[in-house]
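Written below as structure tokens is the structure these notes are about.
The values are calculated or read from the model by the stated rules, or taken from the named source; none is laboratory data. Quantities reported herein were computed from a predicted structural model and do not represent experimental measurements. Glycine also receives a Cβ, built like all others from the backbone with ideal geometry; neighbour counts cover every protein chain displayed. Ligands, DNA and RNA are excluded from the accessible area calculation, which covers all protein heavy atoms including side chains. Shrake-Rupley method; radii C 1.70, N 1.55, O 1.52, S 1.80 Å.
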Amino acid sequence: MRPLLLLLLFLPLLLAAQQPDLSVIFVSDLDGSPMPGAYANPIAAQAWLSKPKAPAWTVEMHFTVGDDYPYSPHEIGTHKMWPLNADTVRDGRRRHLRFNIIDCWCIDQYLLVIQAGDTMRVDMPNDVNTRGHLVHNRVARSGLVPSPEVIRFKPGHFRFEALAQDSRMHEVEQRIARTLMHGAKKRDAALTRKVEQVGGPTEAMQVRDRPSATREVKLVELRGDVAVLRFWGNVMLTGACGGIMPLMAMEVMGNNGWEELVPMPETQLDCGPSSEEANGHELSIPLVEWMQTHGRSAMPGRYRLRFKFADGALRWTKAFTLE
């Protein structure tokens, strides 16, 4: 019942929202070290994902529905909240979780970062011009692939625009921006090769805009129970609110070969996008938490994950072991 309630509550807002225009990475120190501990979504998952020296953490987005919201007038003035999902960006060999901040018909929007009982509140600007200036700074830093702002986690109450101007984080932001620009240049080079192959820029754009013929998912590494995955192709998503989560099933090696442990959902929600064209897109998924939300316990054994693409094709990861 809860997913349906969330769908009915957030669907009008998400349909009306613009594409995410700002994003943020939270780090643990001025050197840009990744946040320790597993990411927990929802916050209740912190109880089983936390470790003594690496407590789990969660990022929630809060906001109040604004007066200019054109749908469901009874929602105006109400407070909404959901935990955010994240994708992964690189800083050399280090990986960070990147959170997109949805721009919607809302006021008093803020992020709440929670770890081991400590909370950091980051207020987003309500003023359109201020928000546009922040976007401009991101574009100036990394061109058409705007890089995220890097914010050091510390308990307290802060303004996003003040944290975005922290010069101590600029070096880390520049490194991440260079990595994103390098990836963009590789994609541009691939498009140039298509121009040469198909005969012109118009034809190449048509090729680029078609769903990719490549369908691949790769298990990059397993960090504890967190699977770091990389996708190529138009992968199907759950359609849930607050972020990107692929449709996924889990299989376990049994006495008679591979057996389905957690089935893939037969239907999608309508709150978020139904699919995404990925080109090496990285995503980290805490497997124990995911299994528990689907009513399964993580037992020691050999597992693999199954994903579905927009054309119905299925792909599996290589097998991995959970201790």
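Considering only the stretch 246-264, state which residues are within 16 Å of Arg315 (Cα to Cα) and surrounded by fewer than 19 Cβ atoms within 10 Å (Cβ to Cβ).
Ala249, Val252, Trp258, Glu259, Glu260, Pro263, Met264, listed by residue number.
Quick one: in the stretch 95-123, which of the residues that are more than 22 Å from Gly32 (Cβ to Cβ) and in a loop (DSSP other than H, G, I, E, B) is most open to solvent (accessible area, probe 1.4 Å)?
Trp105
Is at least one residue of the stretch 207-226 hydrophobic (A, V, I, L, M, F, W, C), at pLDDT below 70, in contact with a Lys or Arg (Cβ under 9 Å, 6 or more places away or on another chain) and farther than 22 Å from Val89 by Cβ?
Among the residues of the stretch 207-226, at least one is hydrophobic (A, V, I, L, M, F, W, C), at pLDDT below 70, in contact with a Lys or Arg (Cβ under 9 Å, 6 or more places away or on another chain) and farther than 22 Å from Val89 by Cβ, which makes the answer yes.
Could you check the stretch 38-93 and list, in sequence order, the residues that are assigned to a loop (DSSP other than H, G, I, E, B), in contact (Cβ under 8 Å) with a residue 40 or more places away in the chain and among the hydrophobic types (A, V, I, L, M, F, W, C)?
Ala38, Ala40, Ala56, Leu84, Ala86
Filter the stretch 148-177 down to the residues that are basic (Lys, Arg) and closer than 17 Å to Val27 by Cβ, then identify the one that is surrounded by the most Cβ atoms within 10 Å (Cβ to Cβ). So that I can check it myself, show each step before the final result.
We begin by selecting, within the stretch 148-177, every residue basic (Lys, Arg); these are 152, 154, 159, 168, 175.
Now narrow it down to the ones that are closer than 17 Å to Val27 by Cβ: 152, 154, 168, 175.
On the way: Arg152: 19, Lys154: 13, Arg168: 11, Arg175: 17.
Among them, the one singled out is Arg152.
Please work out if Asp29 is modelled with pLDDT of 90 or more and surrounded by fewer than 21 Cβ atoms within 10 Å (Cβ to Cβ).
Here the answer is yes, as Asp29 does meet what is asked.
I need the strands (runs of 3 or more DSSP E) fully contained in the stretch 251-309, keeping only those with at least 3 residues that are closer than 16 Å to Val228 by Cα.
Where strands (runs of 3 or more DSSP E) fall fully within the stretch 251-309 and carry at least 3 residues being closer than 16 Å to Val228 by Cα, they are 275-286, 301-308.
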